[in-house]
1. Determine, yes or no, whether SER145 is part of a helix (DSSP H, G or I), among the small types (Gly, Ala, Ser) and either over 26 Å from ARG43 (Cβ atoms) or modelled with pLDDT under 85 (or both).
2. Could you figure out which of (1) modelled with pLDDT under 85; (2) surrounded by 12 or more Cβ atoms within 10 Å (Cβ to Cβ); (3) within 17 Å of ARG136 (Cα to Cα) isn't true of ASN56?
3. Quick one: how many residues across segment 83-102 are surrounded by fewer than 14 Cβ atoms within 10 Å (Cβ to Cβ) and aliphatic (A, V, I, L, M)?
4. Please identify the pairs in which a residue from segment 84-106 that is more than 21 Å from SER73 (Cα to Cα) and modelled with pLDDT under 75 has its Cβ atom under 7 Å from the Cβ atom of a residue that is among the polar types (S, T, N, Q) and in a helix (DSSP H, G or I), counting only partners at least 6 apart or on another chain.
5. Since VAL21 meets every condition but one in (1) under 30 Å from SER95 (Cβ atoms); (2) out of contact with any strand residue (DSSP E or B) (no Cβ under 8 Å at 6 or more places or on another chain); (3) modelled with pLDDT of 75 or more; (4) among the aliphatic types (A, V, I, L, M), which condition does it not meet?
6. Test GLN38 against the stated conditions and say whether it is part of a helix (DSSP H, G or I), modelled with pLDDT under 70 and not charged (D, E, K, R).
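The values are calculated or read from the model by the stated rules, or taken from the named source; none is laboratory data. Bear in mind the structure is a predicted one, so any value in this text is a computation, not a measurement. With ideal geometry, Cβ positions are generated from the backbone for all residues, glycine too; neighbour counts draw on all protein chains shown.
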Amino acid sequence: MKIRNAAPPPASFQLAPMIDVVFLLLVFFIVTYKITEQEKDKRISVPTSSEGVQSNRIANEIVINITKDGEISISGESYTKESLRKKLSIIVEASRLSGEKADGQPVRLRTDAETSSQQLFSVMDEVFKAGISDIRFASRQAAPSP
């Protein structure tokens, strides 16, 4: 009679699924890093606010950068006021066609601390003319007073 060994075979460690998970995490972090870097314009020093509240970012938010020279850009691409309105109008129309609330499209304005009020208001006018009313402003926390 043959006697069987009661001990189970040793467990093996599967390396392939672990490599897949690590690879997917790496791709995720690279993609999200690139997206956030495209939204930031290094030429802009956002104004500070001691009372402002840092709002959470929204997934489909459009970030419009305005330099102190009045240059308007989205994701590194420069626009004139008229071309900005056309681009935003296309986005609003696409939102309407997909059944979403078009005026709920969020826009964040990142202006330089030295940008004139007139430049800011003229960009805001173009955003309103495109049919967008959800405008937010980027600011950074002021340094604490000693």
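1. no
2. Status for ASN56: all satisfied but (2).
3. 3
4. Matching pairs, first to second residue: ALA102/SER95.
5. Among (1) under 30 Å from SER95 (Cβ atoms); (2) out of contact with any strand residue (DSSP E or B) (no Cβ under 8 Å at 6 or more places or on another chain); (3) modelled with pLDDT of 75 or more; (4) among the aliphatic types (A, V, I, L, M), the lone unmet condition for VAL21 is (1).
6. yes
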